[in-house]
Amino acid sequence: MDGESGAVIVVDVASSARARPTRSRVPAFAVLHYYLVGYRRTWRAGVFSSFLLPVLTVLGFGLGVGAYIDQGVDGVPYLDWLVPGLIASTALQVALGDSTWPVFSNFQWVKTYYAQSAAPLRVGDILAGHLLYVLFRVLTTIAAFLLVTGLFGALRSPWALATLPVVALLGLAVAAPTFAYSASVSSDSWLAMLFRFGVIPMTLFAGVFFPVESLPEGLRQLAYATPLWHAVDLCRAATLGVAPQWSVAGHLLYLAAWALGGALLARRVFRRTLVV
Amino acid sequence: MTTVQPLIRARGLVKRFGDFTAVDGIDVEVLPGEAFGFLGPNGAGKSSTMRMIGCISPPSGGELRILGMDPVRDGPAIRARLGVCPQLDNLDPELTVQENLTTYARYFGIPRRVARERARELLDFVQLTERADSKVEPLSGGMKRRLTIARALVNEPEIVLLDEPTTGLDPQARHLVWERLFRLKQQGVTLVLTTHYMDEAEQLCDRLVVMDGGRIVAEGSPRALIERYSTREVVELRFAAESQEAFAGKLDGLGERVEVLPDRVLLYVADGDAAVAEVQALGLTPANVLVRRSSLEDVFLHLTGRTLVE
């Protein structure tokens, strides 16, 4: 509700089992908790798509295709060059996957958001809690990914750990606008379109598998416009221990702009749908 | 004289969706401990009213105070003290019965330990203890409804809002829900419910308003409404012929009022058996005769000229 900007009411409910509860201290964490309870039941099913698949890609492309690329890329073996790209593109896939059907379902099928909006949560809490969960999914997936690729010896610098905040920001940069998108479409077939015309071209052309310099000028500009390329460049600089092609601050600001713009848009669409 | 502050107070309350006016200036007061009903057919504006009371739908006009607060400004603070059972269950089918309660309790800032304890009590109350650890998905409609009611009680609300609490349930499941709601009422919880079932309204409501086309057309206790707008008894006559109309004309002067429905004729009288004798004395031979007491259905029919459930 537009006028809901009063201070958060904090009540000590622990003092008595019968005390009247008012609101959660940080309402978005209560929302995050809900998703984590669900995650406890479903994480096994997600392991394949979010973790095994990229590992298989590392093996297939990195070792398989890499064997044919004798001179490597930019003076490093293809596997080492590819891994940071896959870190970023995996983060993108997880963030997109978790902000399409789940968001759509929370409006249309299970109607979780409606259940939540009847509780003392604001639209911003409902949105922030779900975004936090997407962030959790991105970070756990990438942490596991780093572990495995580290064991392969594909991470060349301790700076590799810096990929975690980078993918977190990338996750928000793609999830927030996607939340807005998934909240506004009327049929779930629009969600598949996002993968067909967004994720796949982005993954192919944003510097994951080959340098964007190989692209013709027009396509290259398009690649620079994607949030993915900015994360790829940062991740690659981190795992290889070199300077990124762009300024770090420029990359981060660009991603932050997507995240912030997306979050504001998503809040507007959520409010329009939930508060009518 | 002491005046009891109403928990819900609406004055000229309006809800518009574009050009369509769903709620057209209603005045309502709900007192503590009352079971208050909104009775009306689909599209009467009941659910829109409930959503405004539930502080998820800002009023388009008029005044609304819930627990003395403004629903637009104090939405979260009011919702912290409400329990809401929506028309369509929005439980999480992937979580267990108990998890549905404990995760929801978190939204109210209820600590884990207290939430677990309360979930146990509530599952006992709605007779779902044995299903505590099973997923929600395979539960029957009646069980899901009871779980939704339990979820609405997780914060020990002062007002429980129930939007069509038994729509879509089989008779046995309905009675079980009614019985639980009646228990809540006895415990002093204020209930506000919408329904298009007259028997539900009669069973549960101390006081109700009859809504039609976004307006309130009558208000009072079920008994008072029946006394004011209907006769003591009703004779339902079904004639075998295509048109009931032809026979209805011959019944003029019999009883206080005659209503002609597509499949039957209703005769509003003080004494049903006497009226049946008079019908037979006229030489009419209906295929089916039923004498019954007046209900809220008759009140609605009288006030709007339409039946509640089409």
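Need one value for A:121-131: mean number of C-beta atoms belonging to other chains within 10 Å of its residues' C-beta atoms.
Mean number of neighbouring Cβ atoms from other chains: 1.
Order the following by accessible area, largest value first: A:230, B:302, B:196. Probe radius 1.4 Å; ligands, DNA and RNA are ignored.
So the residues, ranked largest to smallest area, are B:302, B:196, A:230.
Helix A:227-240 against the longest principal axis of chain A: what's the angle in degrees, Cα atoms only, rounded to the nearest 10?
On a 0 to 90 degree scale, this one is about 60.
Please list B:131, B:223, B:118 in order of solvent-accessible area, largest first, computed with a 1.4 Å probe with all protein chains present. Provide the component values of the computation, followed by the final result.
Details: B:131 75, B:223 170, B:118 10 Å².
Ranked list, largest accessible area first: B:223, B:131, B:118.
Spin-label point model (7 Å from Cα, Cβ direction): what's the residue B:282 to residue A:45 distance in nm?
Those two pseudo-labels are separated by 6.4 nm.
How large is the helix-only mean residue ellipticity at 222 nm for chain A, computed as the sum of -39500 (n - 2.57) over DSSP H runs with n ≥ 4, divided by its residue count, in deg cm²/dmol to the nearest 500?
Using -39500 (n - 2.57) per qualifying helix, the result is -20500 deg cm²/dmol.
Run the dipole for region A:27-274 about the Cα centre, Lys and Arg Cβ at +1, Asp and Glu Cβ at -1, nothing else charged, and hand back the magnitude in debye, nearest 20.
That gives a dipole near 980 debye.
Give me the accessible area of residue A:182, 1.4 Å probe, in Å² rounded to the nearest 10.
Spelled out: residue A:182, probe radius 1.4 Å, area about 0 Å².
Would you please give the FRET efficiency between residue A:161 and residue A:252, computed as 1/(1 + (r/R0)^6) with r the Cβ-Cβ distance and R0 = 25 Å, to the nearest 0.05?
Plugging the Cβ-Cβ distance into 1/(1 + (r/R0)^6) gives 0.95.
Hey, what does the equivalent ellipsoid look like for region A:82-182, semi-axes from the Cα gyration tensor as sqrt of 5 times each eigenvalue, largest first, whole Å?
31, 12, 10
Calculate how large, on average over all directions, the projected area of the Cα convex hull of chain B is; give the answer in nm² to one decimal.
Taking the Cα atoms of chain B, their convex hull projects to 19.7 nm² on average.
What does the structure give for A:105-113 when I average, per residue, the other chain Cβ atoms found within 10 Å of the residue Cβ? Numbers along the way, then the final one.
Working: counts 0, 2, 0, 0, 2, 6, 6, 3, 1.
Taking the mean over all residues of the peptide, I get 2.
Taking the Cα atoms only, what angle lies between the long axis of helix A:123-151 and the longest principal axis of chain A, rounded to 10 degrees?
30 degrees
Give the separation of the Cα centroids, region B:158-221 to region A:137-172, in Å.
Region B:158-221 and region A:137-172 have Cα centres spaced 56 Å from each other.
Given a 1.4 Å probe and heavy atoms of the protein chains only, how would you sort B:17, B:239, largest accessible area at the top? Each step should come with its number before you reach the end.
On the way: B:17 85, B:239 10 Å².
If we order B:17, B:239 from most to least accessible, we get B:17, B:239.
Would you calculate the volume per residue, in Å³, of the smallest convex hull containing every Cα atom of the protein assembly as shown?
In the protein assembly as shown, the Cα hull volume divided by residue count equals 203 Å³.
Relative to the present Cα-Cα distance, how much length would full extension add between residue B:140 and residue B:187 at 0.36 nm per residue of separation?
My answer for the length gained is 14.2 nm.
By how many nm would the segment from residue B:70 to residue B:246 grow when fully extended, if each residue of separation counts as 0.36 nm and the alpha-carbon distance is taken off?
Here the answer is 57.8 nm.
Once you treat every alpha carbon in region A:196-276 as an equal point and sum by Debye, what is log10 I(q)/I(0) at q = 0.27 Å⁻¹?
Taking Cα atoms of region A:196-276 as identical point scatterers yields -1.28.
Using only Cα atoms and rounding to the nearest 10 degrees, what angle (0 to 90) does helix A:163-184 make with the longest principal axis of chain A?
The two axes meet at around 60 degrees.
I'd like to know which of B:260, B:274, B:299 lies farthest towards the positive end of the charge dipole of region B:236-300, counting +1 on Cβ of Lys and Arg and -1 on Cβ of Asp and Glu.
Most positive-ward Cα: B:274.
Hey, rough spin-label estimate for residue B:227 and residue A:192, points 7 angstrom out along Cα→Cβ, what's it come to in nanometres?
6.4 nm
So, taking all protein chains as they sit and a 1.4 Å probe, how much accessible area belongs to residue B:245, in Å² rounded to tens?
Per-residue accessible area (residue B:245): approximately 120 Å².
Once both labels are modelled 7 Å past Cα along the beta-carbon direction, what's the residue A:242-residue B:274 spacing in nm?
10.5 nm
In the full protein assembly as shown, how much of residue B:60 is accessible to a 1.4 Å probe, in Å² to the nearest 10?
Ignoring ligands and nucleic acids, residue B:60 comes out at about 50 Å².
Farthest toward the dipole's positive end in the protein assembly as shown, which of B:12, A:170, A:155, given Cβ charges of +1 (Lys, Arg) and -1 (Asp, Glu) about the Cα centre?
So the residue we want is A:155.
Amide H to amide H, which residues 5 or more places from residue A:73 or on other chains are under 5 Å from it, using H placed in the peptide plane?
A:78
Please report the Cα spread of region A:27-274 along all three principal axes, rounded to whole Å, starting with the longest.
60, 39, 32 Å, listed from the longest principal axis down.
The values are calculated or read from the model by the stated rules, or taken from the named source; none is laboratory data. This one's a predicted model, so the numbers in the text were calculated from it and none came from an experiment. So basically every Cβ, Gly included, is an ideal-geometry build from the backbone, and we count neighbours across all protein chains shown. These area figures cover heavy atoms from the full protein model, side chains too; ligands, DNA and RNA do not enter into them. Shrake-Rupley method; radii C 1.70, N 1.55, O 1.52, S 1.80 Å.
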